[in-house]
Amino acid sequence: QVQLVESGGGLVQAGGSLRLSCAASGIRFGINAMGWYRQAPGKQRELVARIFSGGSTDYADSVKGRFTVSRDIAKNTVYLQMNSLKPEDTAIYYCNVFTSLAPYWGQGTQVTVSS
């Protein structure tokens, strides 16, 4: 059974930082990419950042220069370091693992940035 366990969300003031973690277990197929998506109230879920199996990364324009995605291959864990947070970053953040079989999603963790 695949499990994605997220942690690290919370409430922070604008300009602050948070670090999200997502530990994946039970994955039997090759991982093509690991990353983070977010969904704000009334909006569609959108890609925030992802890291591919070869180590390359992909970021939403709105977070470039502020967020950094990384991974620990041995632990099957992906991280999202979020700096210089803005109120518009407020959303539920979902971990995503894209395998050769199917994508898997975490349960989501709330990030709230106050102005």
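Heavy-atom surface analysis with a 1.4 Å probe gives the chain a carbon and sulfur content of 49 percent of its accessible area.
Spacing of the modelled spin labels on Ala74 and Ser100, each 7 Å from Cα toward Cβ, amounts to 2.5 nm. At a probe radius of 1.4 angstrom, the accessible area of the chain per residue rounds to 54 square angstrom. Computed from label points 7 Å out along Cα-Cβ, the spacing between Ser17 and Val2 is 3.1 nm. Expressed as a fraction of 2.2 N^0.38 Å, the C-alpha radius of gyration for region 54-115 is 1.24.
Subtracting the Cα-Cα distance of Arg28 and Lys43 from their residue separation scaled by 0.36 nm leaves 2.1 nm. Cross-link partners of Lys64 among lysines, defined as those whose alpha carbon lies under 18 angstrom from its own and excluding same-chain residues fewer than eight positions apart: Lys86. Charge dipole (Cα centre; +1 on Lys/Arg Cβ, -1 on Asp/Glu Cβ; no other charges) of region 3-115 amounts to roughly 100 debye.
The values are calculated or read from the model by the stated rules, or taken from the named source; none is laboratory data. Treat the numbers as computed from the prediction; the structure is a model and nothing was measured. Counting neighbours? That spans all protein chains shown, and the Cβs are built from the backbone with ideal geometry, glycine included. Each accessible area value is taken on the protein alone, full model and side chains, heavy atoms only, with ligands, DNA and RNA left out. Shrake-Rupley method; radii C 1.70, N 1.55, O 1.52, S 1.80 Å.
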